[in-house]
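The structure appears right after this line, and notes come after that.
The values are calculated or read from the model by the stated rules, or taken from the named source; none is laboratory data. The shown structure was predicted, so the numbers you read here are calculated from the model rather than taken from an experiment. Cβ placement follows ideal geometry from the backbone for every residue including glycine, while neighbour counts extend to all protein chains displayed.
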Amino acid sequence: MICMKSGNQAKGVLLEDLDAKLDLLIEGQFALARQMDERFLAVDERFREVDYKFEIVFQDLKDLRSDIQLLRDENSNIRR
């Protein structure tokens, strides 16, 4: 009976050790998931900034094309 009791104690100790290690693993996974979420939010914000800047540049290009066309039209009227 003493051998079985010590065997059960050893199993109990191993199970506690395994449980503690699994807890650490789960905590690490939660921390990693939180960090990834933060990174994704930062990347999303950066893409929004870049998209906004592209919109401004494209609007400026459109305005420049408009101005160029207007100058061409005015220039062609002067030549006549």
If you check ASN75 against the conditions, is it exposed (fewer than 10 other Cβ atoms within 10 Å of the Cβ) and either acidic (Asp, Glu) or out of contact with any Pro (no Cβ under 6 Å at 6 or more places or on another chain) (or both)? yes
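Every residue, every condition in (1) under 11 Å from the mean Cα position of the chain (by Cα); (2) at pLDDT 95 or above, yes or no:
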site	(1), (2)
GLN9	no, no
ILE26	no, yes
ARG46	yes, yes
GLU49	no, yes
Answer with yes or no whether LYS5 is modelled with pLDDT of 95 or more and in a helix (DSSP H, G or I). no
It is to be established whether one or more residues within segment 63-72 are modelled with pLDDT under 95, charged (D, E, K, R), surrounded by 10 or more Cβ atoms within 10 Å (Cβ to Cβ) and assigned to a helix (DSSP H, G or I). yes
